[in-house]
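Undergrad: Here it is: the structure, laid out below.
No lab work stands behind these numbers, since they all come straight from the coordinates. For clarity, every value in this text was computed on a predicted model and none was experimentally measured. A quick note on method: Cβ atoms are made from the backbone with ideal geometry, for glycine too, and the neighbour counts reach across all protein chains shown.
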Ligand code: CA
C-alpha cells in the first residue's frame, strides 16, 4: 500500500517509516500541514497517518482536505492529545481511528489493517494480471482457465491477492488463513504456497507468488 505519514517529530517519523517499509509499504512523509496538502493534491494514498500538532498549523485541516477529495480514504490520527473530546471531534470530522502516542508499532500495524479492510479490501472479485478470484462463487481462473482449489488454498490465495504488492510474513499468513493461536512450528505456509504454485504458475515464467527472502511472500500487484 501507499501510505502518507504526516508527522513533524523525526524520531517518531523514522520509527513508523521503518516499520511500514519492513512490511512492504511505500511511505511518503510530510512534516508540515503545507507539505501534506501538496502531497495529497498529487497522489492517492491507501491510508494517511496524521499527527495533529504540526509546526505550521493543526492536522485537522489536512483531514478536511482529504475528506473533501475522497470520503472513503482511511485516515488514522496519531496524537499525544488523548482527551475524549479531541477523539470524538476528530472522529466526527471523519477520521477512521485515533491512536494515542506513545504506541507500539504492532498496534499501529493492526489499526492500519483494520482501517483498510473496507473498500478494495472487501471487493468480491480480485484480479492480479490474468489471475482472477471470485470470492463469492469460489472460482479461481488464470487466463480464463478455471483452477480447482481446496478451501485452504483458496483462502491463502485470497489473502495474498487482497494484499497484492505487500510482503506478508509467515506469521501474518498463519494468523489470517489458519487463525490466531494456530500452533505450528512447521513450514505449513511454505507447503501451501508450493501447492498453489504448482497449480497457478506457468513454466518459464516468474511465479505468481514471489518469495521475499527473510521476510515472507508477496503476490505482485
Ligand atoms: Ca507533532
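Undergrad: Relative to the longest principal Cα axis of the chain, at what angle does helix 60-69 sit, 0 to 90 degrees, rounded to 10?
TA: With both axes taken from Cα atoms, the answer is about 50 degrees.
Undergrad: Same structure, new question: Between 64, 142, 11, which gets the highest mean-square fluctuation from a Gaussian network model of the chain, Cα cutoff 10 Å?
TA: 11
Undergrad: Enter the angle in degrees (range 0 to 90, nearest 10) between the Cα long axis of helix 10-22 and the first principal axis of the Cα atoms of the chain, meaning the one along which they spread out most.
TA: 10 degrees
Undergrad: On to the next question. Would you calculate the separation in nanometres between label points at residue 44 and residue 175, each defined as 7 Å from the Cα along the Cα-to-beta-carbon direction?
TA: Between residue 44 and residue 175, the label points sit 2.8 nm apart.
Undergrad: Let me have the 222 nm mean residue ellipticity of the chain computed from DSSP H runs of 4+ only, each contributing -39500 (n - 2.57), with the sum over all residues rounded to the nearest 500.
TA: Working: 8 runs with 83 residues, N = 221.
The helix-only estimate for the chain comes to -11000 deg cm²/dmol at 222 nm.
Undergrad: Related question: What is the spin-label model distance, in nm, from residue 64 to residue 141 if the labels are put 7 Å beyond Cα along the C-beta direction?
TA: Calculated label separation equals 4.9 nm.
Undergrad: Using only the alpha-carbon atoms, how far is helix 151-162 inclined from the longest principal axis of the chain? Give it as 0 to 90 degrees, nearest 10.
TA: 40 degrees
Undergrad: Pick from 27, 191, 77: which is most flexible by mean-square fluctuation in a GNM of the chain where alpha carbon atoms under 10 Å apart are linked?
TA: 191
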